[in-house]
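What follows draws every value from the coordinates through simple rules; no lab data is involved. Note that this is a predicted model, so its numbers are computed, not measured. Ideal geometry is used to build each Cβ from the backbone, glycine not excepted, and the neighbour counts take in all protein chains shown.
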Ligand SMILES: [Zn+2]
């Protein structure tokens, strides 16, 4: 995952620069674009114009490059609202792109898959990269990914009546077993890696000197420069 800043300076949402309800975001909404277009830069271009009425904080491609359009401390326009409020006031919004092998009908309400293998591979990569992005944001804002309402899909936010009633990205991710519960768990796993409690030292032979005094001097010098390591002299 890598973030490249491409702020949408002409987008009125960027210009309005409204802070989040509690000055910082409390979570992240995962979207998917709902059209068969894998290239995030196409969307970056479309949303960087004065006439745009929507803009998320970023668009991410399959390779994990996320183009950031809004600052993470300003509200975006990505989730609409429901009777209980709007995720735009509280959550960062990230759009994931969709592969070529998906075909939507003319109203965008139904889709078919023309290449299951390619779509599955794309979704699998996208899921992994989005997990990494969410872990990065969790660290930045001190969110617990398993706390209720922190990491949500647009679909879930809609059901909670805090976003418009869309189905993304679950409509595609679920098809290949990439559920939002799995998503939250994998983010948690990155932030809380399992350890056995054992410690491991790493050894490397650095230099061989015939003069013991010089060898000790060298070890002392390296110890100063690298206090996290333990430097000692041994006879070969
Ligand atoms: Zn959405």
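Structural remarks
- Max mean-square fluctuation residue, GNM over the chain, Cα-Cα springs under 10 Å, options 139, 224, 159: 224
- Against the main long axis of the alpha-carbon atoms of the chain, helix 212-225 sits at an angle near 30°.
- Potential extension, residue 4-residue 203 segment - 0.36 nm per residue separation minus Cα distance: 67.9 nm
- Structure-based [θ]222 nm, the chain - -39500 (n - 2.57) summed over DSSP H runs of at least 4, per residue, nearest 500: -9500 deg cm²/dmol
- Beta bridges by DSSP in the range 2-191, antiparallel share as percent, to the nearest 5: 35 percent
- Neighbour-count order for 162, 18, 150, fewest beta carbons within 10 angstrom listed first: 18, 150, 162
- Shape of the range 2-191, Cα gyration tensor, a/c cut at 1.5: rounded
- Gyration tensor verdict on the range 197-236 (Cα atoms; rounded if a/c is under 1.5, prolate if a/b is larger than b/c, oblate otherwise): oblate
- Angle of helix 116-141 to the longest C-alpha principal axis of the chain, folded into 0 to 90 degrees and rounded to 10: 70°.
- Once the Cα-Cα distance is subtracted from the 0.36 nm per residue extended length, the residue 226 to residue 16 segment shows a gain of 70.8 nm.
- Placing a label point 7 Å from the Cα of residue 182 along the Cα-to-Cβ direction, the residues of the range 105-141 whose backbone N falls under 12 Å from that point are 120-121, 123-128.
- For the chain, the longest principal axis of the Cα atoms and the long axis of helix 180-191 meet at an angle of about 20 degrees.
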